[in-house]
1. Take the range 142-168 and flag every residue that is out of contact with any strand residue (DSSP E or B) (no Cβ under 6 Å at 6 or more places or on another chain), crowded, with 24+ Cβ neighbours inside 10 Å and at negative phi.
2. Pairs needed: first member in the range 99-110, at pLDDT below 90; second member anywhere, surrounded by fewer than 18 Cβ atoms within 10 Å (Cβ to Cβ); C-beta distance under 6 Å; at least 6 residues apart or different chains.
3. Take the conditions under 17 Å from L231 (Cα atoms) and acidic (D, E) and apply them to E266. Does it pass?
4. Under 6 Å between Cβ atoms, which residue pairs at least 6 apart in sequence (or on different chains) link something in the range 240-262 that is without any contact (Cβ under 8 Å) to a residue 40 or more places away in the chain with a partner that is within 16 Å of the ligand (Cβ to nearest atom) and among the hydroxyl-bearing types (S, T, Y)?
5. So which residues in the range 169-190 are surrounded by fewer than 24 Cβ atoms within 10 Å (Cβ to Cβ) and either over 17 Å from the mean Cα position of the chain (by Cα) or within 16 Å of L249 (Cα to Cα) (or both), if there are any at all?
6. Looking at the range 196-230, which of its residues are among the β-branched types (V, I, T) and surrounded by fewer than 18 Cβ atoms within 10 Å (Cβ to Cβ)?
7. Considering only residues of the range 125-135 that are closer than 11 Å to G110 by Cα and not polar (S, T, N, Q), which is nearest to the ligand (Cβ to nearest atom)?
8. Output the residues belonging to the range 197-228 that are farther than 12 Å from G159 by Cβ and charged (D, E, K, R).
Amino acid sequence: MSDVSPSAARVACLALDTLEARRIADVLAESLDPEAVVVSTFEASDGCWPLTLHFREPPDEANIRELVALAAGTAHADALTFETLAPTDWVKTSLEGLKPVDAGRFVVFGAHDRTRIAVNRVGIEIEAGLAFGTGHHGSTRGCLLALERIVKGRRPARGALDIGTGTGVLAIAAAKSLRKPVLATDIDLRAVRTARDNARLNRVAGLIEITRAANLGVRRIRMRAPFALVLANILLAPLRQLAGPMTRLVAPGGHIVLSGLLRAQETAVLGAYLPHGLALARRVPLEGWVTLVLTRRTRRRL
Ligand code: SAH
């Protein structure tokens, strides 16, 4: 997802109502390669639900139109618009017209809504810049809902690790709700800078350390392990590769929250993680994406 979004050059959009948008988003998400296209839908300020496809490479527009015709009918296929966005500003631009995102007690918002957030919510203000994570994506929202359930249960005694922090949205949510130190990493230096700015903006810079890391073997991560909670919203392929090293970073009884997965990919990711002594605790399906909460067993099963 991340690989796709900040550098996305081509975007296709449709304006729909809620149910239609969710149904069509599910069909498209399952038909398209998640490494190449991100399908998203969210409520815009006019009450409409734009459905957007972000392409990593310029798509074959006729093919995409055909697929939309199959999923949504020819009227929608004809209404589909393609545009090329400057890679520097699409996330920012899209935030400006968007409503705050509710995810349980969390609410993710842009600066324009700062004065409208109820005081009893955990507010996360995001300036997206060049990073992914405005909260509008089903995978981010799924992680926030999973985090809320974890915090409502027994409050973790140790800190958290957020792998692929993007804007820092999950790290900020974890720091604000756990009141424990959070280590956040990203492979993309632009995301690291954006996340640092957002941590300051949300007054949790003292709790969050953000570092660039391409793998989980780096000293900073090893020194801070074991974590009570690991969050990783980064797509199937890297998640599968990281199964062993990620499990070793979690304290027994601790949780791993995995997202960035299409529902059809759930079995593959469980196949990679469960053999490492993890149990599936919860799943949060949202808009064609699924977030999985795994718990590290206190003792390995023989
Ligand atoms: N955590 C945010 C952002 C998710 S986008 C949210 O939930 O909204 C995924 C982010 O992961 C991107 O910023 C991308 O640069 C980063 N990423 C992708 N693969 C990674 C890897 N193997 N290790 C660390 N970060 C990775």
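The values are calculated or read from the model by the stated rules, or taken from the named source; none is laboratory data. Values in this document were obtained by computation on a predicted structure and should not be read as measured data. Glycine gets a Cβ as well: all are built from the backbone with ideal geometry, and neighbour counts include every protein chain shown.
1. L147, T167
2. Taking only residues 6 or more apart or on different chains, the pairs are K99/E43; K99/S45; P100/D113.
3. Criteria met by E266.
4. Sorted first by the residue in the range 240-262, then by its partner, the pairs are A243/Y273.
5. Hits for the range 169-190 are K176, S177, L178, R179, K180, P181, L189.
6. T211, V218
7. By that ranking, first place goes to G135.
8. Result: D197, R200, R203, R212, R219, R220, R222.
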